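Participant: Please find one structure pasted underneath; my questions will follow.
The values are calculated or read from the model by the stated rules, or taken from the named source; none is laboratory data. Just so it is clear, the structure is predicted and the values come from calculations on it, not from any experiment. With ideal geometry, Cβ positions are generated from the backbone for all residues, glycine too; neighbour counts draw on all protein chains shown. We work out accessible area using only protein heavy atoms, side chains counted, and drop any ligands, DNA or RNA first. Shrake-Rupley method; radii C 1.70, N 1.55, O 1.52, S 1.80 Å.
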Amino acid sequence: ELGRREDLRERRGAVAERIATLRTRVEELESAAVESFNDHMAELLDRLGYENVDRVWLERTGDAFGLHVVRSTAEGRAYEDTVDHLSESEREVIGLVFALAGYLVHDVHETVPVMLLDSVEAIDGPRIAALLGYIDARVPYVVAALLPEHGEALPEGVDRVTTA
């Protein structure tokens, strides 16, 4: 057993090095995911025109992530709010941006080059069209199940499958 001591030390060193490498990779992915979410969220809030949502951002604090929402009143006063007070449409957009950020940061497109969106009827037609256009520019293939009235908001030239 004493003869294996040096081999075990080398193996322990290699394992410790691998753990450090993996921890660094996790930290890099978390940082990239937060940055990606924040960038996409800021851009989409501008495009989608939610009047009383000024900013939504994700922050890594310790071992947890915090989602922050800043709203403004009709008088222009800004205040921090919680996700609980967002409309269903606003929550749907945040969830889709979170999914998009993860999809891009983890290079899912290399294995699964398609993103499927379903049950987005809480978002109105023009915003769905803007959101799909944004996602389509970043994902190889996008498939969305839409209500007929929401599908009408999509621009001409978008491929459609209907039952009619």
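Participant: With every protein chain in place, what's the accessible area of Asp84 (1.4 Å probe, Å², nearest 10)?
Facilitator: 130 Å²
Participant: A further question follows. Given a 1.4 Å probe and every protein chain left where it sits, what share in percent of the accessible area of the chain is carbon and sulfur?
Facilitator: 52 percent
Participant: Along the three principal axes, how long is segment 35-78 when you take its alpha carbons, biggest first, rounded to the nearest angstrom?
Facilitator: Sorted largest first, the three principal extents are 37, 21, 8 Å.
Participant: Once label points are set 7 Å from the Cα along Cα→Cβ at both Ala122 and Glu149, what is their separation, rounded to one decimal in nm?
Facilitator: 1.8 nm
Participant: Just to be sure I understand the rule: take each whole DSSP H helix in the chain, project its Cα atoms onto its long axis, keep it if the span is 20 Å or more and its mean Kyte-Doolittle hydropathy is at least 0.5. Which ones pass?
Facilitator: Result, helices passing both filters: 88-105.
Participant: Given the options Ala14, Ala78, Ala101, state which has the largest fluctuation in a GNM of the chain using a 10 Å cut-off (strictly under) for Cα springs.
Facilitator: Ala14
Participant: When the dipole is taken about the Cα centre of segment 83-161, and only Lys, Arg (+1) and Asp, Glu (-1) are charged at their Cβ, what size is it in debye, to the nearest 20?
Facilitator: 200 debye
Participant: Let me ask another. Please work out the C-alpha center-to-center distance from segment 92-130 to segment 12-88 and express it in whole Å.
Facilitator: Answer, in whole Å: 16.
Participant: Work from the charge dipole of the chain (Cβ charges, +1 for Lys and Arg, -1 for Asp and Glu, about the Cα centre) and give the residue of Val105, Leu45, Leu67 farthest towards its positive end.
Facilitator: Comparing the listed Cα positions along the dipole, Val105 ranks first.
Participant: Moving on to the next point. Whole-Hz Karplus ³J(HN,Hα) for segment 143-156, in order, using 6.51 cos²θ - 1.76 cosθ + 1.60 and θ = phi - 60°, x for Gly and Pro?
Facilitator: So the Karplus estimates, Gly and Pro as x, are 10, 10, 8, 10, 5, x, 5, 6, x, 5, 6, 6, x, 4 Hz.
Participant: Separate question: Taking 7 Å along the Cα-to-C-beta vector as the label spot, tell me the Ser87-Ala20 distance in nanometres, rounded to one decimal.
Facilitator: Between Ser87 and Ala20, the simple spin-label model gives 5.2 nm.
Participant: Another question, then. If I stretch the segment between Asp46 and Ala99 completely, what's the gain in nm (0.36 nm per residue apart, minus their alpha carbon distance), one decimal?
Facilitator: Full extension from Asp46 to Ala99 adds 17.2 nm.
Participant: Let's test the formula: R0 of 25 Å, r as the Cβ-Cβ distance of Arg60 and Glu110. What FRET efficiency results, to the nearest 0.05?
Facilitator: 0.50
Participant: Where does the charge balance sit around Pro126 when Lys and Arg score +1, Asp and Glu -1, over other residues with C-beta under 12 Å from its C-beta?
Facilitator: Within the 12 Å Cβ shell, the charges total -1.
Participant: I've got another one for you. Could you give the accessible area per residue of the chain, probe 1.4 Å, as a whole number in Å²?
Facilitator: The answer is 67 Å² per residue.
Participant: Summing +1 for each Lys or Arg and -1 for each Asp or Glu, what net charge is found among the other residues whose Cβ lies under 15 Å from the Cβ of Glu75?
Facilitator: It works out to a net charge of 0.
Participant: At 7 Å along the Cα-to-beta-carbon direction for both Ala78 and Val161, put a label point, then send me their distance in nm to one decimal.
Facilitator: It is 4.4 nm.
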